[in-house]
Structures are given as structure tokens and as C-alpha cells.
Amino acid sequence: MRIDSRKVLLWAAAGIMLAAVCFFFLNNGRERDDKFRIIFIPKVIDEHNDFWKLLIEGAEMAAAENKVELTIVAAETEDDYEEQNALIEWAVEQNPDAILLTPSSFTETTPYAKKVVEKGIPLILVDSEVNEDIADTVIATDNVKIGEVEGNYMRQCATAESQIAIMGHVEGSSTAIEREEGVRKGLGEYEDRIVAVRFCDSDYDKAYDLMMELMDKYPDIDLVAGLNEYSAVGAARAIKERNLQNRIRVVGIDSSLEEIQFLEEGIFEIIVIQNPF
């Protein structure tokens, strides 16, 4: 018997008023006539991904309301930490009042984030972190908790014979690491039923292809956790194409129009929603 499918679980992330937070952090009681200059480097700018779209819209609105000059630059893809590192170096050369950064890599971004701090520029990490405590401020969802919400639900559906897959996004990113940790924690005694963890590099088509391969390799797979919109939607598309939504239960994160449609169709069991705005 299915457990309350078509139900949306809301996980309210702290509202990310990026530029407003920076303005408060920088101003600290001071007055100045010129605008504060802030550079925001997200992992990617993607109009087709609701999380990044809303995050950037929220930053732009907060910047306008607080008279902050906001510049947004990003790599072409989420997993391209080398391009992001080059952008961080460029941003440091601009000597802004603050740099907001969503690190593409938990480890590879760290040396470049340090350059921001060494230059004396306030560093604010958004959504993701690096492996050293160097930021002045971190604004992020509790990613372990998000994964745990998914895992807790899957635990209710799992059996001793279950085969569970985790479809991650960017291997080595703090969000992927922490969300997988949360899923495993939530699964409890069924953690050992995980048969595969794959990473789609935040690419819908790659997640689709990986899910197709997993269904061929593990024909009895019955539970799938998608760790962001790209991974969840790509996996769900594959399951829908195989018409296996009545056998394979999928849980996802974020709330794009396609995800909501999949939820209504019963392809997603639940989606865990962040509030990036």
C-alpha cells in the first residue's frame, strides 16, 4: 500500500535575502554615499532551473531594495569548478565590498575562496560550503536535514529486499555530500539496501541515462532519491518512459513545474521544497 503519495513535504530553508544580508553585514552602522558593490558567483545561471532562477531573482530584488550594485557571473555548468575558480580570481581583482559565492566544489574551491579572505574582502557562502571555516557568513539550507526528510520517507516504504539508488548532482559538492549523508541517516536500518550512488553533474539528460542504466543493471530497484532538481527530474523521466512509476518510488528535491506535474501524476512520491528566494 502506498503511503500518502502526491503529498508535498515543505522543508522551509531560511529565506535567502542575499544582498540585504550583505548590506547589513558591510554597513554595520556606517554611512556612505556611494553604492556597495557586491559580486555574486553562483554555481550556474540557468533560467530552466527554478532553484537558481529564484535564488538570483531574490538577490537582485534585495540588491535593488538596498541600493546595492550587484554583479552576477557564473560558470557554464555547475560542475565546472575550474571556470568558477577563474571567476573568483577575477572578482578579487575587482576589489568589491563583498563576494557572495556558491562553491562548485567542497575542496577544489577552497584555495580560491581563501584568496578572497586574504585580500580582506568579506566572503559570504550561499547554499554550499567549502572544507575550511573561512567565510564571514554562510547562508544555506540544512542539507543534511533535507536528505534526512527524503530518507525518512523512503524508510517507511523500504523492505529487507529493497534495492535503493541515490541520484546525486555534482560529486564532491557540499550539498551532494550532505544530502547523501542525510538520506543514509533517514534510511536507518535500510541504509545497507543502497545498491548504487550515481552523479549526473546537474544534467537532466545524464540523470536520465544513468537511471536507464540502473534499471537495466538492477531490475528490482524500487526506491530512488534525487538530490536536486536535475537529478530528480532526469531519473523521473526515465522511470516514466519505462512506465514503472507504480513499482519504483521516487523522492525529489525542489519544485519546478515539471516536478509538480510528476508529483500530480504519481511519479514522485514526495518532493522536498527549498525557499531560495
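Scan the stretch 124-134 for residues that are crowded, with 20+ Cβ neighbours inside 10 Å and not in a strand (DSSP E or B) and jot them down.
127, 128, 129, 130
Rundown of residues vs (1) among the basic types (Lys, Arg); (2) within 24 Å of residue 55 (Cβ to Cβ); (3) touching a helix residue (DSSP H, G or I) at 6+ places or on another chain (Cβ under 9 Å), yes/no style:
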position: 128; (1), (2), (3): no, yes, yes
position: 134; (1), (2), (3): no, yes, yes
position: 151; (1), (2), (3): no, no, yes
position: 181; (1), (2), (3): no, yes, yes
position: 217; (1), (2), (3): yes, no, no
position: 222; (1), (2), (3): no, no, yes
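Do the conditions hold for residue 116, that is, is it aliphatic (A, V, I, L, M), free of Cβ contacts under 8 Å to residues at least 60 places away in the same chain, part of a helix (DSSP H, G or I) and buried (at least 23 other Cβ atoms within 10 Å of the Cβ)? Break it down stepwise before answering.
Working: aliphatic (A, V, I, L, M): yes; free of Cβ contacts under 8 Å to residues at least 60 places away in the same chain: yes; part of a helix (DSSP H, G or I): yes; buried (at least 23 other Cβ atoms within 10 Å of the Cβ): yes.
Yes.
Look at residue 243 and say whether it is surrounded by 24 or more Cβ atoms within 10 Å (Cβ to Cβ) and more than 20 Å from residue 156 (Cβ to Cβ). Reasoning before the result, please.
Working: surrounded by 24 or more Cβ atoms within 10 Å (Cβ to Cβ): no; more than 20 Å from residue 156 (Cβ to Cβ): yes.
Answer is no for this residue.
Hey, can you tell me all the residues within the stretch 193-217 that are over 21 Å from residue 173 (Cβ atoms) and surrounded by fewer than 17 Cβ atoms within 10 Å (Cβ to Cβ)?
195, 213, 216, 217
Just checking, how many residues over the stretch 163-186 are surrounded by fewer than 21 Cβ atoms within 10 Å (Cβ to Cβ) and outside any helix (DSSP H, G or I)?
3
In the set 21, 68, which member is surrounded by 15 or more Cβ atoms within 10 Å (Cβ to Cβ) and modelled with pLDDT of 80 or more?
That would be 68, the only listed residue that is surrounded by 15 or more Cβ atoms within 10 Å (Cβ to Cβ) and modelled with pLDDT of 80 or more.
For residues that are buried (at least 18 other Cβ atoms within 10 Å of the Cβ) and out of contact with any Gly (no Cβ under 9 Å at 6 or more places or on another chain), scanning just the stretch 231-240, find the one that is farthest from residue 200 (Cα to Cα).
Residues of the stretch 231-240 buried (at least 18 other Cβ atoms within 10 Å of the Cβ): 231-239.
Those left that are additionally out of contact with any Gly (no Cβ under 9 Å at 6 or more places or on another chain): 237-239.
Working: 237: 14, 238: 13, 239: 16 Å.
For the stretch 231-240, the residue satisfying everything is 239.
Matching residues to (1) out of contact with any Asp or Glu (no Cβ under 8 Å at 6 or more places or on another chain); (2) in contact (Cβ under 8 Å) with a residue 60 or more places away in the chain; (3) within 20 Å of residue 229 (Cβ to Cβ):
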| residue | (1), (2), (3) |
| --- | --- |
| 44 | no, yes, yes |
| 58 | yes, yes, yes |
| 63 | no, no, no |
| 67 | yes, no, no |
| 83 | no, no, no |
| 89 | yes, no, no |
| 95 | yes, no, no |
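Within the set of pairs 6 or more residues apart or between chains, which connect a residue that is assigned by TED's automatic domain parsing to the domain that holds residue 253 inside the stretch 171-182 to a residue that is charged (D, E, K, R) and crowded, with 21+ Cβ neighbours inside 10 Å with Cβ atoms less than 7 Å apart?
Short answer, once both residue conditions are applied: 174/129; 175/127; 182/148.
Restricting attention to the stretch 169-195, and to residues there that are of a type in the set (Gly, Ala, Ser) and over 21 Å from residue 138 (Cβ atoms), which single residue is farthest from the chain's Cα centre (by Cα)? Spell out how you get there, then give the answer.
Within the stretch 169-195, the subset of a type in the set (Gly, Ala, Ser) is 172-174, 176, 182, 186, 188.
Among the residues that remain, those that are also over 21 Å from residue 138 (Cβ atoms) are: 186, 188.
Working: 186: 18, 188: 23 Å.
Per the criteria, the residue is 188.
Scan the stretch 67-88 residue by residue and report those that are touching a Phe, Trp or Tyr at 6+ places or on another chain (Cβ under 9 Å), farther than 19 Å from residue 110 by Cβ and in a loop (DSSP other than H, G, I, E, B).
67, 73
Any idea how many residues of the stretch 252-273 are more than 22 Å from residue 156 (Cβ to Cβ) and of a type outside the set (A, V, I, L, M, F, W, C)?
3
The values are calculated or read from the model by the stated rules, or taken from the named source; none is laboratory data. Every value quoted in this text rests on a predicted model; they were computed, and no experiment measured them. Cβ: placed from backbone, ideal geometry, glycine included. Neighbour counts: every protein chain shown.
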